[in-house]
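Structure, as structure tokens:
The values are calculated or read from the model by the stated rules, or taken from the named source; none is laboratory data. Predicted model only: the values in this text are computed from it and were never measured. Here the Cβ positions follow ideal geometry from the backbone for every residue, glycine too, while neighbour counts run over all protein chains shown. Each accessible area value is taken on the protein alone, full model and side chains, heavy atoms only, with ligands, DNA and RNA left out. Shrake-Rupley method; radii C 1.70, N 1.55, O 1.52, S 1.80 Å.
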Amino acid sequence: MIGGRRSLSGRKPGDKRVRVERPHAAYFRYTGPNQLVAKPEASVPRTGLGRFSRRAKAWLIGRPLASEEEIGERLSKRLALPIFSSDAISSSAYATEEILRVLVVGGALAFVATVQVAAAIAFLLAVVAVSYRQVCRAFPDGGGAYAVAKTELTPLLGLVAAAALLIDYVMTVAVSTSSAVEQLISIAPELNALRVAICLTSITLITIGNLRGLRESGNIFAIPTYLFVSLALLIVAIGGFRILTGQAAPVQPQDEAMSFGTQTIGILLLLKAFASGSVALTGTEAIANGVPAFRPPEAKNAANTLVIMAVLLAILFIGISVIAAAYHVVPSVEGAGGPTVIALVAQTAFGAGSPLYYIFQISTALILFLAANTSYNAFPRLAALLAEDGYIPRQFSFRGDRLAFSWGIILLSAVAAALIVAFGGVTTLLIPLYAVGVFVCFTLSQGGMVLHWHRHRESGWWRRAGINALGAVLTAVVLAIVVYEKFAGGAYLVVILIPTLVAIMLFINRQYAASARHLALRPDYVIKPPFREERAIVPIPSVNRATVRAINVARSITTEVSAVYISEDPEQSAEMRAEWEKRVPGVPLVIVESPYRALAGPLVAYLDVLDRAWPPGKAQPITFVVIPEYVARHWWERLLYNQSARRLRSILLGRPYTVVVDVPYRRDDRPEEPHEPREPQEPAQADAVTVTDDVPERVEVPGAAAR
């Protein structure tokens, strides 16, 4: 314990009392010998600007959460559904439209073919959902396709799955956001000019919501998700009832409607429509990636949530497709600002001017905005797993104040915003880049699960392996179709990006592995006393209080101390030497004249000369470069000081056998000369002064910070 018991005498002889001193209590909780746990007060900034920034951050994203509060941030199925399933459920708002855009060139037969394509996609959804339900139970630590492929196939294929997922999550944010804006344009066409600005604003707001943590984002995003699902189910019920009772009739095409074509709907056109509508499956894997975010039992709750999500998506997707076909809904020309297919379907149920229609359109826009939230939970978690495995920078595994993976959230927002700007926020231009990555992951995860069941051979393994094998074959076929049909439209970029990302991750991993090997100790190695000699070099600008402190810190490190003064004026050099010899006896001063007015270069060259002059038979010494630094009280004052010290630190950092020690000297309110006690001197040496670091009690004496 820091502090302890101190006996005190009372006023009368024999009176004794004990004072228990706990100087750590304000900042730490004592948990054992030499072990402390920091309290929130230990992280409070010490400056006014720092405290203001902390208060602003707390207002924006909330108070910091302790690590033990993480269990309280876990999600129930009620909150997990809108967080992890909003992407998949919201795809029902635009998947039918993407099918119709392809098939409308075939004339009126497009409506029959739309239902058939939707049914085929729904069957594929059922197979994928059942397969990923098994992934949730077999890999309860999360990671989805990355974890399955890395463990059951090869680490390289695991990286392929990870790269594909990262790309797909970025595309989810871009596509969902742009599609949401199009829903708003359906009811307010004048917003078309502000398309990109609205997209960027929504990404910013979703970023802030996710930085506040999982549970808070779930509370924020639950209402729009459940509102959309409720109204969409109502539309399907009303439309289904009218179709069954014969009340459904084709609607008049809107002014912006696409024109019917005269092409024959053959197998190639159906495959192209299937590839476009397969965006309905995006987001299905997100729950398997985020299993640890669920409340215990994590795997069971995740698997059940996945089933609920798949059932809802299938009902909405098929229902909207059937209604669109029955009413002969035609999509609008892209970019014309016309109503979307989901808006036209809502009009058939609620009427064009009814309050329910406008409420549904707003809820559709909101859930499409919030569909990006699925990526904001899955992308950072996958990035954290990759960082823990050493494939991307380790900062991505760090949790922020609210226990969210802040680095991943911010990176996802930045890349998605760049895509929005590059493609003008037009959904159709972004769709070709979509779905390729997700089907790569589907195929790898299902193939890996077949090997998983074959190796473990648990009860009923052959049935589970059969389901996964069917899923692997179907998703591989769909992947080939998607790449073939979308390659020229932009899918080639994804085909190029995946191996590029894999190469980058392998390079980063190699660097981390090389560093680990270099830093590793032999198992039998026992640390011995140092065998290298030590010396300290103190670069000085003048003789002042900061210099005094740096010299005394250097003296506390080693007895071999010398100061170096870089000068461009010979007269000034002579004055400095005279003052130095008077004030700091016993510490040699080396003056390096710099006719080219450089500071760092001559100092580094001087250090190199010292190294070369060292006896060849001896191990190179450790050189401590002790840099005095004056620390002003205010942030704006600090801009005026220490620029040279900063440059010198950056140059010396990484120099072999060199340790940079930064010695700060903080400004006092009313600076005074230090009280320097004189040692008894002979009369002939009366001018010599022993410099000490004694200062008035009110002056803080910080320790040297080795960097």
Point to revise | Matching entry among GLN361, GLN347 (being open to solvent by less than 10 Å² (accessible area, probe 1.4 Å) and more than 18 Å from the chain's Cα centre (by Cα)) | key: GLN361
Practice item. List every residue pair whose Cβ atoms lie under 7 Å apart, where the two residues are 6 or more positions apart in sequence or sit on different chains, the first residue falls within the stretch 527-548 and is closer than 27 Å to SER573 by Cα, and the second residue, located anywhere, is open to solvent by 40 Å² or more (accessible area, probe 1.4 Å). Key: ARG535/GLU560; ALA536/ILE557; ALA536/GLU560; VAL543/GLU579; VAL543/ARG583; ALA546/TYR630; VAL548/ASP693
Study note, to complete from the structure: Of the conditions (1) surrounded by 21 or more Cβ atoms within 10 Å (Cβ to Cβ); (2) of a type in the set (A, V, I, L, M, F, W, C); (3) out of contact with any strand residue (DSSP E or B) (no Cβ under 8 Å at 6 or more places or on another chain), the single one that LEU429 does not satisfy is (1)
Point to revise | Inter-residue pairs, beta-carbon under 8 Å, first in contact (Cβ under 8 Å) with a residue 60 or more places away in the chain and in the stretch 608-622, second of a type in the set (Ser, Thr, Tyr) and open to solvent by 80 Å² or more (accessible area, probe 1.4 Å), 6+ apart | key: GLN620/TYR657; PRO621/TYR657; ILE622/TYR657
**Study point:** helices (runs of 4 or more DSSP H) within the stretch 27-131 that include 3 or more residues open to solvent by less than 30 Å² (accessible area, probe 1.4 Å) and over 27 Å from LEU403 (Cα atoms)
**Key:** 95-103
Review point. ILE410 fails exactly one of the following numbered conditions: (1) surrounded by fewer than 18 Cβ atoms within 10 Å (Cβ to Cβ); (2) within 21 Å of ALA288 (Cα to Cα). What is the number of that condition?
Key: (2)
Revision key, fill the gap. Those residues of the stretch 135-149 which are surrounded by 23 or more Cβ atoms within 10 Å (Cβ to Cβ), in a helix (DSSP H, G or I) and not β-branched (Val, Ile, Thr) amount to CYS136, GLY144, ALA145, TYR146, ALA147, ALA149
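For every residue, the table says whether it meets (1) out of contact with any strand residue (DSSP E or B) (no Cβ under 8 Å at 6 or more places or on another chain); (2) among the aromatic types (Phe, Trp, Tyr); (3) at pLDDT 90 or above.
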position	(1), (2), (3)
TYR132	yes, yes, no
ALA138	yes, no, no
GLU152	yes, no, yes
ALA161	yes, no, yes
Check your understanding: Hey, does the stretch 244-263 have a residue that's crowded, with 24+ Cβ neighbours inside 10 Å and either more than 22 Å from ARG381 (Cα to Cα) or in contact (Cβ under 8 Å) with a residue 40 or more places away in the chain (or both)?
Key -> no
Study note, to complete from the structure: Counting only residues in the stretch 19-62 that are among the polar types (S, T, N, Q) and over 30 Å from TRP636 (Cα atoms), the one modelled with the lowest pLDDT is identified as ASN34
Review point. Taking the stretch 8-18 on its own, how many of its residues are modelled with pLDDT of 70 or more and either within 30 Å of VAL44 (Cα to Cα) or assigned to a strand (DSSP E or B) (or both)?
Key: 4
Review point. Quick check, is ALA465 more than 19 Å from ALA383 (Cβ to Cβ) and surrounded by 15 or more Cβ atoms within 10 Å (Cβ to Cβ)?
Key: yes
Exercise for review: Please state which one of VAL307, VAL322 is open to solvent by 30 Å² or more (accessible area, probe 1.4 Å), within 15 Å of SER131 (Cα to Cα), touching a residue at least 60 places away in the same chain (Cβ under 8 Å) and among the hydrophobic types (A, V, I, L, M, F, W, C).
Suggested key: VAL307
Exercise for review: Please find, within the stretch 167-194, the residue that is surrounded by the most Cβ atoms within 10 Å (Cβ to Cβ) out of those that are within 17 Å of LEU386 (Cα to Cα) and in contact with a Gly (Cβ under 8 Å, 6 or more places away or on another chain).
Suggested key: ASP168
Exercise for review: Could you tell me whether SER332 is touching a helix residue (DSSP H, G or I) at 6+ places or on another chain (Cβ under 6 Å), open to solvent by less than 10 Å² (accessible area, probe 1.4 Å) and within 20 Å of GLN347 (Cβ to Cβ)?
Suggested key: no
Review point. What helices (runs of 4 or more DSSP H) completely inside the stretch 549-642 contain at least 3 residues that are open to solvent by 80 Å² or more (accessible area, probe 1.4 Å) and over 27 Å from TYR657 (Cα atoms)?
Key: 570-583, 635-638
Review point. Which of (1) surrounded by fewer than 24 Cβ atoms within 10 Å (Cβ to Cβ); (2) modelled with pLDDT under 90; (3) of a type outside the set (A, V, I, L, M); (4) over 33 Å from the mean Cα position of the chain (by Cα) is the odd one out, the single condition TYR327 does not satisfy?
Key: (2)
Practice item. Take the stretch 473-486 and flag every residue that is surrounded by fewer than 17 Cβ atoms within 10 Å (Cβ to Cβ) and under 30 Å from the mean Cα position of the chain (by Cα). Key: none
Revision key, fill the gap. Among residues of the stretch 441-498 being in contact with a helix residue (DSSP H, G or I) (Cβ under 6 Å, 6 or more places away or on another chain) and of a type in the set (D, E, K, R), the residue nearest to SER131 (Cα to Cα) is ARG464
Check your understanding: Of the residues that make up the stretch 282-300, is at least one modelled with pLDDT of 85 or more, more than 17 Å from VAL127 (Cβ to Cβ), among the hydrophobic types (A, V, I, L, M, F, W, C) and open to solvent by 50 Å² or more (accessible area, probe 1.4 Å)?
Key -> no
Check your understanding: So how many residues does the stretch 369-389 have that are modelled with pLDDT of 85 or more, more than 11 Å from the chain's Cα centre (by Cα) and of a type in the set (A, V, I, L, M)?
Key -> 2
